[in-house]
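Okay, structure first, notes after.
The values are calculated or read from the model by the stated rules, or taken from the named source; none is laboratory data. Quick caveat: nothing in here was measured; it's all calculated off a predicted structure. When we count neighbours, we look across all protein chains shown, and the Cβ atoms used for this are built from the backbone with ideal geometry, even at glycine. For accessibility, only protein heavy atoms count, side chains too; no ligands or nucleic acids. Shrake-Rupley method; radii C 1.70, N 1.55, O 1.52, S 1.80 Å.
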Amino acid sequence: MTHLTPTTNSIEIRRLHWHFKKKQPVLRGVDLALPVGSVTALLGKNGAGKTTLMRALTGGLPFPRGTVSVLGRDPWRERVAVLRSIGHVADQTELPRWMKVREHWDLLAPFYPGWEMSEARRLAERLGVDPDARYHDLSRGGKELACLVAALAHKPKLLLLDEPFSGLDVLARRRVFDALLELLREDGRSALLASHSLADVERCADRIAVLHEGRISLCGEIEELRRGATRLAVELEGDSPSWTPPLPAKVERREGRELVLYTLRDAESLQDQLAHDPAVKHVEPVERDLEDLVAAALGEVAPS
Amino acid sequence: MNQLRVLLYKEWRDQRTFCIAALGACLLLSLTALRIDGAALMKRSFFVDSVLPVCCMIFAAVLATESIARDAQSRVADTLARLAAPRTLVWSAKVLFVLLAVVVFILALLPLDYCLTLASSGGVLSGDQVLARPQFWAVTGALATAGLAFACVLRRALPATIVAALTLAVLPFVAGGLPPCRLSDWLYVFLAIWSPVELAGLACASFAVGALLAFSVRHADPLGWRRAVALCTGVSLVLLPSVAGSARRAWAAFDMPFGDPAARVCLAAPSPDARFVAVQMGQDLKADSTWTGTPGQELRRRRQRREVWILDRSCGTWNEIDTRDRELLLCSYRGFVRGPWDARSRLSVRFYSSPFVGAAGGLQLIDPATSTVVLAPPLGISMFDTLEAETGLGAWYTTIGYSRQSKLIVRWKERGIDLELSDRVVFAASPEPGILFIQRENGLVRHEMASGSETLLHTFPFEIRKGQGLRVSPDGRHIAVLGGGITTILDSSDGRLVVELPQGVWLVDWSRVPGRLGLVDTMSSRRELSWFALDEKGVRTLLATDMPNCVALGTDRLLAYDDHRIECMKLDGSERETLYEAKP
């Protein structure tokens with residue numbers, strides 16, 4: 001196994017394949033790199049394989065093809081070492097009915113060398129988690145906050161968060177983001193966040209990776225992608241129902257002679273090409289948002 | 001250490017309610033039992049011997065399965081799987097907790113067990129309480145580890161407990177229920193080698209390893225096939241080498257080689273035509289992996305092995321049927337006595353479904369010329385029915401016992417005539433149909449079933465010994481009565497005294513030679529044994545052998561044998577020939 005230099009990528013996945021059955025492939029050659037210090041949002045449809053990917057990263061799945069490296073280690077073979085270095089909030093965490101938040105900390109503490117009870121208390125206070133509350137009595141959001149505290153208390157170098165904010169109210173969400181951003185400001189900490197909420201993603205992530213049909217269909221820094229992605233408003237000279245845009249543009253909407261095209265690559269040359277098309281009367285770029293980008297990456301035309 | 005401590009604490013908190021409730025339930029049961037008195041004394045004994053141990057076993061099994069199934073059902077197991085802890089450590093904590101809890105539970109019940117034992121036995125402590133026996137601890141441990149292992153696969157407590165109990169119980173049943181084959185032999189070897197405590201210990205070890213492997217499966221399928229495969233692998237890892245090692249030398253060791261000094265001649269029976277001699281050989285084996293033959297040694301853990309060899313005197317060759325355990329079939333059953341040979345010189349043997357004596361047995365008829373089995377009725381078919389139907393040498397009568405009424409009915413099968421007797425009565429049947437010899441209060445009578453008439457043959461001042469007390473000669477002309485230390489031979493038709501053998505002289509075998517009654521021996525001391533031929537006039541002719549066993553071979557020869565040697569000779573000792581001799 002190749003140990004990565006810690007300053008390059010926290011996570012490196014190459015051609016990862018996984019299938020539940022032979023006819024049901026979930027991951028079909030996923031390539032993903034998570035640079036140190038970045039917060040990457042993992043997006044995708046329901047059932048796209050985000051949780052499966054998370055399980056592979058935490059040593060819960062063997063991967064017959066491809067390589068996975070988390071903080072320079074193979075998570076399947078060095079599961080314990082990997083889990084000690086990361087903070088993981090799973091989509092569903094169940095604890096015994098009798099267990100209080102503090103008892104959960106007591107259970108976790110011996111297994112994480114970097115665990116600091118003072119840090120756990122500080123985070124709990126900041127996020128509004130009562131250490132003496134029974135875990136089972138907490139609301140869904142309360143459980144998520146308690147799990148987040150448990151995942152952060154040993155100051156992990158990498159955070160894996162699988163739908164961590166779905167049950168949080170607005171205030172709790174704000175507190176969580178503040179805590180997360182504070183933690184991530186420290187040197188060398190990274191996070192991979194699986195979420196469906198683009199608002200959350202825009203708030204805390206600087207990169208996105210879109211998982212679609214078993215592959216990463218879009219990956220990069222959000223700002224850079226926004227700049228690179230283009231939607232073009234086109235007006236045709238006359239009624240030309242058979243007119244089709246040149247590749248890689250696709251028609252998003254068509255109303256008579258007015259069309260809206262979108263493309264994810266090479267937008268400037270496409271605009272030049274359309275400007276010289278005799279059938280095109282006028283062409284101009286239209287501003288785009290993150291939702292359009294993700295929708296396009298998921299193979300669907302985003303609503304205008 | 002801290003890691004193990006927190007995991008143990010988690011297990012304790014998970015199972016605390018169950019442990020306390022189980023202990024409370026046992027205490028409540030015991031207090032209830034203590035309050036029962038008088039006629040329920042037996043019930044209290046039953047309670048101490050059975051109910052408390054079974055409660056402990058159930059507690060151990062349920063605790064073990066619950067420790068796994070509870071986490072699996074509540075999905076806490078998934079959370080534990082994401083903990084930065086080796087799976088082995090989590091598993092060890094569960095096993096250690098179950099072990100400690102079961103030990104504490106039983107120890108807590110031990111004083112109560114003693115109190116109950118004292119109460120049920122009137123203040124006498126036998127010192128043999130079930131809860132203190134190693135077998136109980138071993139079986140409880142095996143049940144708990146099996147429950148743990150199956151819970152790792154099934155993820156549910158109740159099915160895992162049931163499957164564990166069935167699995168542990170099924171092995172002896174399989175061994176007993178299988179038809180004789182290599183597998184059943186192999187199972188018997190396995191079961192015979194190990195003591196119950198060792199077997200339970202082996203089960204503990206194998207299921208513990210299996211449970212560890214099943215628990216360590218990180219990527220499990222919904223049906224649990226991967227965990228099942230892991231469990232089987234773990235169990236096999238421990239069990240297969242043990243079993244293979246145990247049975248390694250079994251086949252070679254069990255089959256007695258010709259001339260083996262550890263094998264002894266138990267019985268020799270010449271066929272009616274004197275062409276064949278069936279010899280039953282026996283050997284005691286030390287029940288361990290070496291299976292050493294142990295002649296003459298009394299060992300606690302030994303197994304008896306018997307084989308039947310057949311000598312064809314026409315060509316002098318020895319044959320063995322196969323390597324299975326067999327013995328010559330000598331019937332002495334409710335007045336019916338017969339040897340192993342039938343009129344067509346076929347040999348009746350009892351075979352066993354294991355390499356040792358003591359397993360389920362059945363009848364086989366052997367063709368001595370080829371040493372092959374010509375008839376082997378399935379197990380469960382009465383040997384006597386088979387003998388009657390197949391050999392034609394069965395009794396002309398059948399008996400029906402009514403144990404509740406202490407009655408026995410002798411039925412003349414051909415004519416359907418019944419005679420009711422007390423089942424304590426000593427009787428013998430004549431080869432002549434319809435004739436019985438019965439001991440009545442006034443003496444020995446001859447009963448003719450056709451007419452129902454009885455003739456007093458002789459009166460004796462003693463009780464006739466059961467079993468071999470009455471013996472009718474093969475031709476039905478004479479009857480030997482043993483009692484009071486003497487043997488009296490009477491004419492079976494009129495009760496005339498033919499010969500009275502004094503004390504120390506025994507009729508060993510009837511003779512088929514006209515004019516000769518049989519073979520008798522006299523034993524003045526252990527080393528001074530003399531053999532005589534007894535004729536109808538009571539004259540005894542000394543035979544030229546001093547071996548401990550002697551039978552007639554045809555009309556003019558004698559077959560004499562001891563543990564390691566068989567020889568034949570003429571009655572006067574001439575033409576002596578050694579048929580078998582163990583290697584020195």
**Request:** Measure off, as a whole percent, the carbon and sulfur share of the 1.4 Å-probe accessible area of the stretch A:9-223, all protein chains present.
**Result:** 46 percent
**Request:** For the stretch A:230-287, give the percent of accessible area contributed by carbon and sulfur heavy atoms, probe 1.4 Å, rounded to a whole number.
**Result:** 47 percent
**Request:** Return the whole-Å distance between the Cα centroid of the stretch B:208-237 and the Cα centroid of the stretch B:412-463.
**Result:** 69 Å
**Request:** Among the GluC sites (Glu not before Pro) in the stretch B:472-553, which ones are in a DSSP loop with at most 11 other Cβ atoms within 10 Å of the Cβ? Mind listing them?
**Result:** B:E528
**Prompt:** Sorted by mean Cβ packing within 10 Å, highest first, what order do the peptides B:60-68, B:510-518 take?
**Reply:** B:60-68, B:510-518
**Item:** Cα point-scatterer Debye curve for the stretch B:429-584, base-10 log of I(q)/I(0) at q = 0.13, 0.16, 0.18 Å⁻¹
**Value:** -0.65, -0.90, -1.06
**Message:** How shielded is A:95-104 by partner chains, expressed as the average number of their Cβ atoms within 10 Å of its Cβ atoms?
**Reply:** 3
**Asked** In debye to the nearest 20, how big a dipole does the stretch A:230-287 give about its Cα centre with +1 on each Lys and Arg Cβ and -1 on each Asp and Glu Cβ?
**Response** 220 debye
**Prompt:** Which whole-Hz ³J(HN,Hα) couplings does the stretch A:58-66 yield from phi under the Karplus relation 6.51 cos²θ - 1.76 cosθ + 1.60, θ = phi - 60°, glycine and proline marked x?
**Reply:** 9, x, x, 9, x, 10, x, 10, x
**Request:** Enter the accessible area of B:Y9 (Å², nearest 10), with the probe set to 1.4 Å and all protein chains included.
**Result:** 100 Å²
**Prompt:** With +1 on each Lys and Arg Cβ and -1 on each Asp and Glu Cβ, how big is the dipole of chain A about its Cα centre, in debye rounded to the nearest 20?
**Reply:** 1500 debye
**Item:** Peptide A:83-94 - average C-beta neighbours from other chains (10 Å radius)
**Value:** 3
**Item:** Accessible surface ranking that places the most exposed of B:E448, B:E307 first, with a 1.4 angstrom probe
**Value:** B:E448, B:E307
**Complete:** Ordering B:T522, B:T488 by the accessible surface of their heavy atoms, 1.4 Å probe, largest first, yields B:T522, B:T488
**Message:** Please compute, for peptide B:81-93, the average count of beta-carbon atoms on other protein chains lying within 10 Å of each residue's beta-carbon.
**Reply:** 5
**Fill in**
Amide H contacts under 5 Å for B:S492, restricted to residues at least 5 apart in sequence or on another chain and with H modeled in the peptide plane, are B:H478, B:I479
**Request:** Determine the calculated [θ] at 222 nm for chain A from helices alone, applying -39500 (n - 2.57) to every DSSP H run no shorter than 4 residues and normalising by the residue count; nearest 500 deg cm²/dmol.
**Result:** -9000 deg cm²/dmol
**Complete:** Rounded to the nearest 10 Å², the accessible area of B:F18 using a 1.4 Å probe with every protein chain kept is 60 Å²
**Message:** If you count only protein heavy atoms and use a 1.4 Å probe, how large is the accessible surface of A:D178, to the nearest 10 Å²?
**Reply:** 70 Å²
**Fill in**
Between the residues B:N549, B:H564, B:V505, the Cα farthest towards the positive end of the dipole of the stretch B:505-567, that dipole coming from +1 and -1 charges on the beta-carbon of Lys, Arg, Asp and Glu, is from B:V505
